[in-house]
Structures are given as structure tokens and as C-alpha cells.
1. Using alpha carbons only, how many degrees (0 to 90, rounded to 10) separate the axis of helix 44-58 from the longest principal axis of the chain?
2. How high is the relative contact order of segment 12-155, in percent, counting Cα pairs under 8 Å that sit 6 or more residues apart?
3. Helix-only estimate, please: 222 nm mean residue ellipticity of the chain, summing -39500 (n - 2.57) across DSSP H runs of length 4 or more and dividing by its residues, to the nearest 500.
4. Quick one: helix 111-120 against the long Cα principal axis of the chain, what's the angle to the nearest 10°, folded into 0 to 90?
5. Scan around Ile70 for amide H atoms under 5 Å from its own, H built in the peptide plane at 1.01 Å from N, and keep only partners 5 or more places away or cross-chain.
6. Under unit Cβ charges (Lys, Arg +1; Asp, Glu -1), what dipole magnitude, rounded to 20 debye, does segment 101-183 have relative to its Cα centre?
7. Compare the peptides 110-123, 32-45 by average per-residue count of other Cβ atoms within 10 angstrom and give them in order, highest first.
8. Counting pairs on different chains as well as pairs 8 or more places apart, how many Lys pairs in the chain have Cα atoms under 25 Å apart?
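Quick note: the coordinates plus some simple rules give every number you see, no bench work behind them. Since this is a predicted model, take the numbers as computed values, not measurements. Here the Cβ is made from the backbone with ideal geometry for all residues, glycine too, and neighbour counts use every protein chain on show.
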Amino acid sequence: MPETERTLLTKAQMAEGVVSLARSICEANAGAESVALVGIHTRGVPLASRIAAEIEKSGCLKVHFGTIDITHYRDDLNTFQMVPKLEGSDISFDLDGINVVLCDEVVFTGRSVRAAMDELLNFGRPKRVQLAALVDRCGRELPVQPDFAALKVTLAPGERVAVRFEEVDGQDSCTVQTQASNR
């Protein structure tokens, strides 16, 4: 069945959202010496990278950057037709005692965040873990809420948020895709 697609955020609005997320993270971590931004593969990585660049540009905090692969911690692997490519986690700094901001492009059910927490804690014991998302989509299955979100949306069943980043997809876009119904 064909899908319809409508714009949720333009490229410019995505960039404004990243600036807003960076500002909010700086404010929430005021007084801290540094913060670690950890992107969840795949599209949380470019989001974290962009937020880190904005924080560094502002000079409000020293930024550590890392990536996390949640593939081994997913509770839905058996539902995939193709197993996701293993990217591996890359956290080359000490997590103990520092503030960490997990970054993902969309927070929906909370299951990816739960998996990311499991993997993150293998690297140490952060002082505090916060969650940043470009889009906070309502509909949690687990009690997980982003501390920072550029946009909060409620969508109908059959709709999904699709975020694309130039670094991964060759373009920046944030759309709602709707599966056409059978009538």
C-alpha cells in the first residue's frame, strides 16, 4: 500500500530545534564542568553530533561525544525481517560521575531508550542520565520521558515519524508517514 507523507519539521526548523536542545542542555547542566552526549545508532548519532557542535560553539560546557549500539539489547529483534547492522558502541571517555545526555531522533514507545540504558551502564556509572530527542512522539509503552525535545506530537495509529539526516540519508527532513488504508 502506498504511503502519504507530510512535513513535520523543515530543514530550517530541524536546525532551530538542535539549537534549542543545546541551549536547554546547557541550562539544565549549568555548574557542571562537562557533559557527555551519546547518540543512539543510527539517527541519534548525527543529532548528538549536531547538539555537541552547538554546545561547543556556545562555550557553556566541555563536551564528550560517544555513540551507542543497542542492537544486542533490543527486545524486538525477533520481529525484524533483517537483523540491523551492528555499528558497535564507541565511548572512549570515563562515564563515572559525569552527566550524560542520551540522544535519539524520536522517542516513542521508550523501548530503544531502555535498551540504550542497558548498554550505557556497561561503560560506567554516570552521575546523571538525561534524554534528548528531536521529536517526542506520544504513546509510551515504558515510563520513559525525554528531558529535552524540540517538538512533541501525538499521531494517529498508522502514522509514523520519519527523521532523515544528511549524514545518514543524504538530506535533512522530518515527516509524518501515513499508511494508506484498505477500503
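1. That works out to roughly 40 degrees.
2. Details: 283 pairs, mean separation 36.3, N = 144.
Once divided by the residue count of segment 12-155, the mean separation gives 25 percent.
3. On the way: 4 runs with 47 residues, N = 183.
Helix-only estimate at 222 nm: -8000 deg cm²/dmol.
4. The helix 111-120 is inclined about 30 degrees to the chain.
5. His41
6. Working: 11 positive and 12 negative charges, 83 e Å.
Charge dipole of segment 101-183: 400 debye, to the nearest 20.
7. So the order, starting with the most tightly packed, is 32-45, 110-123.
8. On the way: Lys11/Lys57; Lys11/Lys152; Lys57/Lys127; Lys62/Lys127.
Taking the Cα cut-off of 25 Å, the pair count is 4.
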